[in-house]
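A short reminder: the numbers here are calculations on the coordinates, not readings from a lab. All figures in this text were calculated on a predicted structure; none of them were measured in a lab. With ideal geometry, Cβ positions are generated from the backbone for all residues, glycine too; neighbour counts draw on all protein chains shown.
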Amino acid sequence: MRMSQMYLKTLREVPAEAELASHILLLRTGMIKKLASGIYGFMPLGYKVVKKIENIVREEMDAKDCQEILMSAVHPAELWQESGRWFAYGPELWRIKDRNGRDFCLGPTHEEVFTDAVRQDVSSYRQLPFNLYQIQTKYRDEARPRFGLMRSREFIMKDAYSFDIDEAGLDKSYRDMYDAYTKVFTRCGLNFRPVAADTGAIGGDGSHEFQALAEAGESDIVYCTKCDMAATTEKAACIDDKPQDGVAELPLEKKFTPGTKTIKDLCEYLGIEEKQTIKALLYTKFDNEGNKDGYVAAFVRGDRELNLIKLVNALDIPEHAIEFADEAEMSSVTGCVGGFTGPIGLKNCVMVVDSELVGQKNLCAGANEADHHVLNVNYGRDYKGDIVVDLKVLKDGDICPQCGGEIKGARGIEVGQIFKLRTKYSESMNCVYKDENQVQKPMVMGCYGIGITRTLSAIIEQCHDDKGIIWPISVAPYHVIITLINPDDEDQKNLGKKIYDELRTAKVEVILDDRDERPGVKFNDADLLGIPVRIVVGKNAKDDKVEYKLRRETTDEILASDEAIKKAIEIVEREKDGYK
Ligand code: ATP
Ligand code: MG
């Protein structure tokens, strides 16, 4: 491509709306164009990268004998009502009506649509197993679209669905996808980690997320420094502190603790540690129609953080069906007092107690009376939970639930997730087959997603410097840029053209910067766009000499033009597939 003819608008300034490097660089390179909040178009260079990532995904899916199809983004509401997710998916589901008032949604994911297709076409064990996938545009009306392609409302996803006759078949399909995902993200040049994950609105049990490690990531992950334990903080089990067996239970004692509404204030006032207190968190629940459906009081030890995902899983409700309570309103029903709530005497609410509190003795909790706390609160004697379960967040420095080693925390960008759905959808939607004895059984399913456009952001997040993007060759929009210092100089023009033609013949993707611009502008653009190999044709062109430089390295070398061409072809050949 000749740069003088390229549809390209780069920006010198950092756009005010963007804070993350990947978002800033996507806008500055003109790769994406914003249409509305969380809605973007892809311009030529951006779309080239999208297609490269899609092709890597396609090759690895095809290598596992998955078959590509393309389903509609518009889904009739009936399918989502049948699976129960018309409600469970919540406000993120982008609902629309046709001219006759019939309900539809724009698909955020396609379990229902694939299950519906398969139940119509498949009836015998002989037709199983298989794995169908598509690369398609998804819609999620995110509460806070942000960071460009990282969390958008319209995005491209690869989603795949496997259908097996039994659990053993699903295990194999799942392992195949785990393997394919590992290859995909390696080929994209990402530094990533697969971690055990919660299943969220997709459902089922057994899941891994593929997390690209990045400070800017929105996911908190934890891993053990000794064993292979790695999980999202939402999912990670957290072991209880040792029970204080043998410690005598002291009598309850009410204390005047004026103005101590936080655990920190309370501990300072009483001169005790956070570990010796009980933290209360109050929530309102909502039913399927969005009406208020009672209150929840959750309790963890004062030094712990409540894990909301563990709480909603314990209550068996979706995350959007719970909200922090209005304490004034809740107080008249349950007897709680804002800032001074404790488990003793609380009524008319579901009490969910972290399992650790059962074994801890003589803790300090709110007295459900303004400016008062109670000392020596003990589980069993003074209060009980309706549900007792692990509600804690596992944090950096905690003990590994698997081996007792030390836990480290990290941040990541979730680029993909795989799930064992088992029979969640095949049962609710009657997707069944007959086995060899003519016995009817539900198919055993898995589903597997990769955020293509989020992966693009994650690659930039990991591969950039203060000058711009540094594309891995496997996903670069072009492999080589030839910069002509003076496009009017005959020697430079001819040599540039020769290198350009030879590289194109060798199937290297190349840009010829023949623009009538100052050299500084051309160098800045080459660095900003992140093209992996730069060949500068300048005043030494008359001696057949050019400058050869890799974007990822700081040094350059002066080479004869054939030498430079050879080196460029070699590195592209070696790295274009991205295998390590
Ligand atoms: P998140 O927790 O970040 O909201 P999710 O777990 O809801 O994501 P999945 O249902 O697992 O997402 O979707 C599969 C993949 O699609 C994700 O791993 C991610 O890469 C991508 N994805 C999900 N939501 C978005 C979004 N709003 N914008 C861009 N990509 C997304
Ligand atoms: Mg996910």
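Candidates SER22, MET443, PHE163 compared by Cα position along the dipole of the chain: farthest toward the positive end lies SER22, with charges placed on Cβ.
Just so you know, the Cα atoms of segment 266-328 work out to an Rg and Dmax of 14.2, 47 Å. For the chain, the calculated P(r) over all alpha carbon pairs, in 10 Å bins from 0 to the bin holding the longest distance, is 3, 14, 20, 21, 18, 13, 7, 3, 1, 0 percent. Report the Rg/Rh value for segment 396-480, based on alpha-carbon coordinates and the Kirkwood definition of Rh. Radius of gyration relative to Kirkwood radius: 1.23. The convex hull drawn around the Cα atoms of segment 468-531, when projected onto a plane and averaged over every direction, covers 4.2 nm².
In this label model, GLU553 and ASP103 are separated by 6.1 nm, measuring between points 7 Å along each Cα→Cβ vector.
Ranking ILE32, LEU391, ALA180 by how far each Cα lies toward the positive end of the dipole of the chain (charges on Cβ) leaves ILE32 at the top.
Each part gets one Cα centre, and for segment 441-503 versus segment 382-436 those centres are 37 Å apart.
Each principal axis of the Cα cloud of segment 423-580 was taken in turn, and the coordinate range along them, longest first, works out to 81, 32, 26 Å. For segment 110-230, the Cα-based Rg and Dmax, in that order, read 16.7, 49 Å. Computed log10 I(q)/I(0) for segment 238-367 at 0.13 Å⁻¹: -0.57, from the Debye equation with unit scatterers placed on every C-alpha and solvent omitted.
Given that compact globular proteins tend to follow 2.2 N^0.38 Å, what is the ratio of the alpha-carbon Rg of segment 55-126 to that value?
The value comes to 1.35.
Grab the beta carbon distance between ASP501 and ARG95, set R0 = 45 Å, and tell me the FRET efficiency rounded to 0.05. Approximately 0.25, to the nearest 0.05. With R₀ set to 22 Å, the beta-carbon distance separating LYS395 from VAL350 gives a calculated FRET efficiency near 0.25.
Using the 10 angstrom Cβ neighbour count as an exposure proxy, how do CYS188, CYS431 rank, fewest first?
Final ranking by Cβ density, sparse to dense: CYS431, CYS188.
Multiplying the residue separation of ILE69 and VAL14 by 0.36 nm and removing their Cα-Cα distance gives an extension gain of 15.8 nm. With 0.36 nm allotted per residue and the present C-alpha distance subtracted, the ASN291-GLU218 stretch has 23.2 nm of extension available. As a ratio to 2.2 N^0.38 Å, the alpha-carbon radius of gyration for segment 158-310 is 1.48.
Computed from the C-beta positions of GLU563 and ASP316 and an R0 of 56 Å, the FRET efficiency is 0.25 to the nearest 0.05. Each principal axis of the Cα atoms in segment 499-549 has its own extent, and those three values, largest first, are 28, 26, 20 angstrom.
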